[in-house]
Amino acid sequence: MKIPVLLLCSAVTLTWGVAVKQSRKFPDGFIFGTSTASYQIEGAWNEDGKGENIWDYLTHTNPAAIEDQSSGDVACDSYHKYERDVEMMRELGIDSYRFSIAWSRILPNGLANNVNEAGVAYYNKLIDEIVKYNIEPMVTLYHWDLPQRLQDMGGWLNPLIADWFADYARVVFDRFGDRVKYFITFNEGAQICYEGYDWVTKAPRLNMSGIGEYICAKNLALAHAKAYHIYNDDYKPTQGGVCGYTIAVSSFVPLTDSDEDAYAAELVNQLQWGLYTDPIFSKDGGFPKELFDLVAKKSAAQGFPRSRLTDFTEEEKAYIRGTGDFFGVNHYSGSFASASLYTPQPPVPSPKDDIEIGQFAPDDWPQAASFWLKQMPDSIYIVLKNIQKRYGDVPIYITENGWSTHEGIEDEGRVAYYRAALESALDALDEGINLKGYYAWSLMDNFEWMAGYTERFGLYEVDFEDPERTRTPRKSAFIYKQIMKTRTIDHDYEPESYVMTIDEGH
Ligand SMILES: *[C@@H]1O[C@H](CO)[C@@H](O)[C@H](O)[C@H]1NC(C)=O
């Protein structure tokens, strides 16, 4: 698509405002961490009673779907190497580590009648090792690795999954909540539902375009709310933790200052995250109104006897509303939005066809190794402002933010990305936005879903050819360490050597 240069001079001027403001400090109590996810790092896919999950199934039955025909069978082998992982956390000096639990490792067939004690023991060892060094664990219950047996029964399209998930959540709270005070039910609803059920870019690749995402989104909200209420009623009073929800939020900026483009950006926000978070965090609850009405109208015009997006009952709306102690943001990039950028494309129906909005990211934004990832100026600030505008002063954690490269430890692109991102976070903090923490994605290279091992997101490089899966700190690891240590961003800082040690007190 060719974009006239003129359009770049949009009303919303984005600048590379990496003004070096070295005096600005992250506030006391601000949490710095790193993130990972079970399937991407653990390996040991069939050890000690673990059940098969949808990524085991996809990579084993359809290896061609993965860029390098790889799998997470071994990945970083964190199932055996978790002590080294914790040592890296101490080297970096992080306050908190976000990781996820593999549902099928503790409930092999997905249902809670059969708890796999060996799987529970693994997470107990990991959590004990983390808290031993005063690192705060943050646990995601579901980061995309559904037990295959539940997928066989429809997965997130079967309304009964709200109960199955709630039963699983209870086991997690019960076994780990004495030491874990931060729980996240879901990682990235749109990637679970759109990419997995509407399209083919995540397991289970159902390809039910225009239908799968909306059914899944509703079931996910109900599952989240059930788990939240269980935590809130039965565990929070004694365990004293919090339970939130993580969603991918990109910064969508109107292409021009026209009302049409403002509406376009609003619709993209509604589809990409409001669909998942409005039911939980908005004042009135329920799905975003404009999107809901559009899908109903399109469905009718397409001959569907009822809308492809089924509404909640009033009772369900009330049950879901308010079930988030914090808002977790996974943020990577953004784009301009406008109806004028839209080109109709099959398949129809689809969520894209429902809203008819196009997006555009300028060529001069730096490009990561991942095709979908460009560095947008000020994007964290824009995203946090959007969330505040939508939901008020809800506590926010950036639960993922990162940059992909190819192999190699000189990762200047990642260094530049992190510095700019954290400046943008400081801009938001300066304005009183309730941002409480920041987790870099990722602690180390790992299995990057459909891209296999071809794209690297790690502060530490992992040698996937080496049976030991040796981890080596990249330049960015030293830069991030210095930022956490000084609580400031020094744009001129260069590590003296690439020898990593553990500082006193970690
Ligand atoms: C997904 O469905 C579309 C039709 O809606 C079809 O053209 C496409 O080949 C399917 N993709 C896969 C990977 O099955």
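The values are calculated or read from the model by the stated rules, or taken from the named source; none is laboratory data. Everything numeric here is computed off the predicted structure, so don't read it as measured data. Reconstructed Cβ throughout: ideal geometry from the backbone, glycine too, with neighbour counts over all protein chains shown. Side chains are part of the model used for accessible areas, which takes the heavy atoms of the whole protein and leaves out ligands, DNA and RNA. Shrake-Rupley method; radii C 1.70, N 1.55, O 1.52, S 1.80 Å.
The mean sequence separation of alpha-carbon pairs under 8 Å and at least six residues apart, normalised by the residue count of the chain, gives a relative contact order of 18 percent. Accessible area per residue for the chain, computed on protein heavy atoms with a 1.4 Å probe, is 38 Å². Sequence-distant contacts, meaning Cα pairs under 8 Å at least 6 residues apart, place the relative contact order of the stretch 332-471 at 21 percent. In the chain, the portion of solvent-accessible area held by carbon and sulfur atoms comes to 51 percent [1.4 Å probe, whole percent, DNA, RNA and ligands not counted]. Shown in residue order for the stretch 341-351 are the 3J(HN,Hα) couplings computed by the Karplus curve 6.51 cos²θ - 1.76 cosθ + 1.60 at θ = phi - 60°: 8, 7, 10, x, 8, x, x, 10, x, 7, x Hz (x for Gly and Pro).
Per-residue 3J(HN,Hα) values for the stretch 262-275, derived from phi via the Karplus relation 6.51 cos²θ - 1.76 cosθ + 1.60 with θ = phi - 60°, read 4, 5, 4, 5, 4, 5, 5, 4, 5, 6, 7, 8, x, 4 Hz in sequence order (x marks Gly and Pro).
Per residue of the chain, what 222 nm ellipticity follows from adding -39500 (n - 2.57) for every DSSP H run with n ≥ 4, rounded to the nearest 500? Mean residue ellipticity at 222 nm (helix-derived): -10500 deg cm²/dmol. Sorted largest first by accessible area at a 1.4 angstrom probe radius, with every protein chain in place, the residues R321, R419 fall in the order R321, R419. Projecting the Cα atoms of H506, F447, Y418 onto the dipole axis of the stretch 418-506, where Lys and Arg carry +1 and Asp and Glu carry -1 at the beta carbon, places H506 farthest toward the positive end.
Rounded to the nearest Hz, the phi-derived 3J(HN,Hα) couplings of the stretch 322-338 under the Karplus curve 6.51 cos²θ - 1.76 cosθ + 1.60 (θ = phi - 60°) are x, 8, x, 7, 7, 10, x, 10, 9, 10, 10, 7, x, 6, 7, 10, 6, where x marks glycine and proline.
Residues with amide H under 5 Å of F252's amide H, sequence separation 5 or more or different chain, H placed in the peptide plane at 1.01 Å from N; which? Distant-sequence amide H within range of F252: S335. Accessible surface for Y235 stands near 20 Å², nearest 10, in the context of the full protein assembly shown (1.4 Å probe).
Once backbone amide H atoms are built at 1.01 Å from N, T246 has T185, F186, E188, G328 as its partners under 5 Å, excluding neighbours fewer than 5 places away on the same chain.
Dipole magnitude for the chain: about 940 debye, using +1 per Lys or Arg Cβ and -1 per Asp or Glu Cβ, origin at the Cα centre. Hey, if you drop one equal point scatterer on each alpha-carbon of the stretch 166-205 and run the Debye formula without solvent, what base-10 log of I(q)/I(0) do you get at q = 0.21, 0.30 Å⁻¹? Calculated log10 I(q)/I(0) at the listed q: -0.69, -0.88. How big is the Kirkwood radius of the chain, worked out from every pair of different alpha carbons and given in Å to one decimal? Averaging 1/r across every pair of different Cα atoms and inverting gives 23.1 Å. Within the full protein context, the accessible area of M138 is estimated at about 0 Å² for a probe radius of 1.4 Å. For T472, the accessible area of its heavy atoms, probed at 1.4 Å with every protein chain present, is near 60 square angstrom.
Largest first, the residues K385, K317, K25 sort by 1.4 Å accessible area into K25, K385, K317. Positive-end ranking of A339, A301, V249 along the dipole of the stretch 240-381, with charges on Cβ about the Cα centre, is headed by A301. Ranked by solvent-accessible area (1.4 Å probe, protein heavy atoms only, all chains present), the residues D167, D56 order from largest to smallest as D167, D56. Around the amide H of A440, modelled in the peptide plane, lie the amide H atoms of G33, T34, S35, all under 5 Å away and 5 or more residues distant in sequence or on another chain.
In straight-distance terms, cross-link reach from K218 covers every one of the lysines whose alpha-carbon lies under 20 Å from its own, apart from those fewer than eight places away in the same chain; here that gives K202, K226, K283, K289, K297, K298, K317, K352. What the Cα convex hull of the stretch 262-398 gives, in volume per residue, is 125 Å³.
This model, with +1 at the C-beta of Lys and Arg and -1 at the C-beta of Asp and Glu, gives the stretch 213-288 a dipole about its Cα centre of some 540 debye.
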